[in-house]
1. Find out how many positive minus negative residues lie around residue 73, taking Lys and Arg as positive, Asp and Glu as negative, among other residues whose Cβ is under 10 Å from that of residue 73.
2. Round to a whole number: what % of the accessible area of the range 192-284 belongs to carbon and sulfur, probe 1.4 Å?
3. For a quick check: with amide H placed at 1.01 Å from N, whose amide H comes under 5 Å from residue 75's, ignoring anything fewer than 5 positions away on the same chain?
4. By average Cβ neighbour count within 10 Å, what is the ranking of 271-278, 253-260 from highest down?
5. Which order, highest average first, do 77-89, 151-163, 218-230, 127-139 follow once you tally other Cβ atoms within 10 Å for each residue and take the mean per peptide?
6. What accessible area per residue comes out for the range 132-241, rounded to a whole number of Å², with a 1.4 Å probe?
7. How much accessible surface does residue 144 have with a 1.4 Å probe, in Å² rounded to 10?
8. Using each residue's phi in the range 209-216, evaluate 6.51 cos²θ - 1.76 cosθ + 1.60 at θ = phi - 60° and report the 3J(HN,Hα) Karplus result to the nearest Hz, with x for Gly and Pro.
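The values are calculated or read from the model by the stated rules, or taken from the named source; none is laboratory data. Since the model is a prediction, treat every value here as computed from it, not as a measurement. Every residue, glycine as well, gets a Cβ built from its backbone with ideal geometry; the counts of neighbours run over all protein chains shown. Keep in mind that these areas ignore ligands, DNA and RNA; they rest on the heavy atoms of the full protein, side chains included. Shrake-Rupley method; radii C 1.70, N 1.55, O 1.52, S 1.80 Å.
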Amino acid sequence: MTKKWGKVMLIIGIFLVVSGGAWWWVNRGEATSTKRVAGTYQTPTLFVHGFGGGYGSEKDMINDLSKHPGYRQVLRYTMTNTGQLSVSGSWSPSVRHPLIAVVFSSGRPDATTLAKILKQLKRRYGIQNFNAVGHSAGSAAWADWAVTKDKKGEPTLQRLVTIAGPFNGFPGMPGMNSGQDIKLASDCRPSVMSDRYKPMYENRQYFPKTAAVLNLFGNLGKGSDGRVPVNSARSLRYIVAGRAKSYTEREITNSKAQHSKLHEHNPLVNRYLYEFLSTGKITN
């Protein structure tokens, strides 16, 4: 009876060891997979609106991108007028291409806030890389951030899409060049550097070498999208050329080339966005 009971205990012991080992192995694999998916596997894209804009300036592009498999908005960051940063939404490791809306209640995007958001994304979700899209002043805010020297604790920029960026001034902007009379050399060095442009030029060596850049701008036929002069937008090239991983620009001249229409369910812009964010290049 004692020997039989001993055999039973031995069998039970072996079963528990095997089962425990199997449970540990399965859960170990799940934890590793979750960390990979929630961290380095995901590369979110952050959208920033222009001066005076808000979420409405971003949602069309976000919604149109979300029609493609794997793309979906997960978070929305808001910088309030009192300087408080809030976040809504839910991060999901199952979303392969997370989209994040960044909203400034003041209507004035700035690079300092972008740095805070990026640090939080890396700290909370383990994000190592990210993409960025900006329209108008949102583009300028991303450019200001990109040439900042100290990016410690922030994920690495992989792809940057600027749309109608007033990098070297535009009409009606106080204390800045209007951008109307700018001439560009063959390398896009501008004949005049505005108060906004000069700091970017002086700190251009800090632009991330990891970043591929797509610069989109409209032209209604008179060298402007009705708000931002083409040569002001194209001045970005002189900042990033030779430093960015790649630089591509496209002039949009169709019926939706007007400044605000560039982000409003614009089929051509949407195609460029999807191709570039997915592959880092565009077909034509």
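1. Residues near residue 73 contribute +2 overall.
2. It is 46 percent, rounded to a whole number.
3. 99, 101
4. Numbers: 271-278: 18.9, 253-260: 15.9.
Packing order, densest peptide first, comes out as 271-278, 253-260.
5. Working: 77-89: 12.8, 151-163: 20.5, 218-230: 18.9, 127-139: 25.1.
Per-residue Cβ counts within 10 Å, averaged per peptide and sorted highest first, yield 127-139, 151-163, 218-230, 77-89.
6. Values: 4250 Å² over 110 residues.
Value for the range 132-241: 39 Å² per residue.
7. Approximately 50 Å² for this residue.
8. 6, 7, 8, 8, 10, 10, 10, 10
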